[in-house]
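The values are calculated or read from the model by the stated rules, or taken from the named source; none is laboratory data. Worth saying up front: this structure is predicted, and the values here are computed from it rather than measured. The protein model used for the area step is the full one, side chains on, heavy atoms only, and it has no ligands, DNA or RNA in it. Shrake-Rupley method; radii C 1.70, N 1.55, O 1.52, S 1.80 Å.
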Amino acid sequence: KGASSAPSGTLVCSCHGVGEGDIVDAIGSGTRELGEICARTKAGTGCGSCRPEVAALLRRSVDQPGAAAPEAACV
């Protein structure tokens, strides 16, 4: 995400301006590990306070059939 990009949906990561829709899009495109989602969207790579919410979005997605379980933590 660029600094001028508006978050998609409800703001999840205020450090990098990442919205719930940005995270859901990353998950929908096949990103299934928490660390990969953080790297791809930048959510959870600032202060880290949004990591639990990013993880919760991922958990909700893996409850759907065919989704892989998260394996890595944001660092």
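Restrict the check to the stretch 13-24 and report whether at least one residue is of a type in the set (A, V, I, L, M, F, W, C), open to solvent by less than 50 Å² (accessible area, probe 1.4 Å), at pLDDT 75 or above and in a helix (DSSP H, G or I). Within the stretch 13-24, one or more residues are of a type in the set (A, V, I, L, M, F, W, C), open to solvent by less than 50 Å² (accessible area, probe 1.4 Å), at pLDDT 75 or above and in a helix (DSSP H, G or I).
Do you know which of the residues in the stretch 36-54 that are in a helix (DSSP H, G or I) and open to solvent by 20 Å² or more (accessible area, probe 1.4 Å) is nearest to S5 (Cα to Cα)?
We begin by selecting, within the stretch 36-54, every residue in a helix (DSSP H, G or I); these are 36-41, 51-54.
Of the ones still in play, those that are also open to solvent by 20 Å² or more (accessible area, probe 1.4 Å) are 36, 39-40, 51-53.
Details: E36: 20, A39: 17, R40: 15, R51: 21, P52: 23, E53: 21 Å.
Among residues in the stretch 36-54 that are in a helix (DSSP H, G or I) and open to solvent by 20 Å² or more (accessible area, probe 1.4 Å), the one nearest to S5 (Cα to Cα) is R40.
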